[in-house]
Amino acid sequence: MKLAVTGKGGVGKSTISGLLVRALQKKGHKVLAVDADPDMNLATILGVPSTITITPIIEFKELIAERTETEVGKPAPFFKMNPRVDDIPDKYCVDFKGVKILTMGTMRQGGGGCACPENAFLKSLLSHLVIGRDESVILDMEAGIEHLGRGTAMGVDVMIAVVEPSLTSLETAKRIQKLSADIRIKRLVLIGNKIETEKQRNFIREKAEGIEIAGFLDYSEEIQKINNGEKSALTVDGQVLDQIDVILTKIGIN
Ligand SMILES: Nc1ncnc2c1ncn2[C@@H]1O[C@H](COP(=O)(O)OP(=O)(O)OP(=O)(O)O)[C@@H](O)[C@H]1O
Ligand SMILES: [Mg+2]
């Protein structure tokens, strides 16, 4: 299964990505965790210590130049749009406690994603990750899916939009729903995060307006510890993991 996690800023995308990695690994899946958010923090959530350097793929300038048939530091009016990337995951991912981690790095922005060798390379890599790999892939994405290429979109089995009990995060989910249809995402589900009351759960159910709800994750002190660096998502158990398991079952992963 290839799962992509998106949603409004700060709703808990990276945390939930980390917890999904944990739950899948515990079930015996081989997992490739991909940080596709320019504001990279998935590795920290997984508990990778600062002594282990994970270089974002975008920083391998020579490699990108070679594959896109350009030269580092020179203008590139022409470049290869579909560079070879199939060897990249195995060569460049970091293995941490049995989880493969790949950090993409910051893509250069520009309306509709600028046409430059770096973006072509990252786009090809992203679509390879969801189409050409055997293991379970979790993509921690930035807020929104506008930048997702069609190739990647088609490879994603389930797009997860994380929401919290706020109207704004649900509005973002609605926008994601519209875009999902345009780029032919197969299935979109919501996860309601940071839940403290039944009322909040009902609020999300009410406002979801037809978007399938995969489940809920309560607000928890333990989860806060993950982001404070006191705990790795890979050591989470108990109620938090139970809730993630319920979500995975709903999604169809056993
Ligand atoms: N279920 C939860 N209980 C308590 N705190 C939570 C929960 N989920 C997320 N948080 C907290 O919310 C904050 C944002 O989480 P996270 O970084 O995962 O969000 P994000 O959507 O990836 O953010 P960004 O848009 O910046 O990438 C963190 O401080 C995290 O600890
Ligand atoms: Mg994040």
Calculated from DSSP helices alone, with each H run of at least 4 adding -39500 (n - 2.57) and the total divided by the residues of the chain, [θ]222 nm to the nearest 500 comes to -11500 deg cm²/dmol
Within region 177-237, DSSP-loop trypsin sites (Lys or Arg not before Pro) with at most 12 other C-beta atoms within 10 Å are ARG184
Quick calc, the chain, dipole around Cα centre from Cβ unit charges on Lys, Arg (+) and Asp, Glu (-), nearest 20 debye, gives 520
Using alpha carbon positions and the Kirkwood radius, the Rg to Rh ratio of region 2-251 is 0.97
Once the in-chain neighbours fewer than 8 apart are removed, the lysines whose Cα is under 19 Å from LYS61 read LYS74, LYS80, LYS91, LYS123
Extension length gain for GLU212 and MET81 (0.36 nm per residue less Cα distance), in nm, is 43.6 nm
With 0.36 nm assigned to each residue of separation and the Cα-Cα distance removed, LYS27 to ASP39 gains 1.4 nm
Length gained if THR197 through TYR219 is fully extended, taking 0.36 nm per residue and subtracting the Cα-Cα distance, is 7.0 nm
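Taken together, the values in this text are just the output of simple stated rules run on the coordinates, not laboratory data. Not measured: the values here are computed from a predicted model. Note that we place each Cβ from the backbone using ideal geometry, even for glycine, and neighbour counts take in every protein chain shown.
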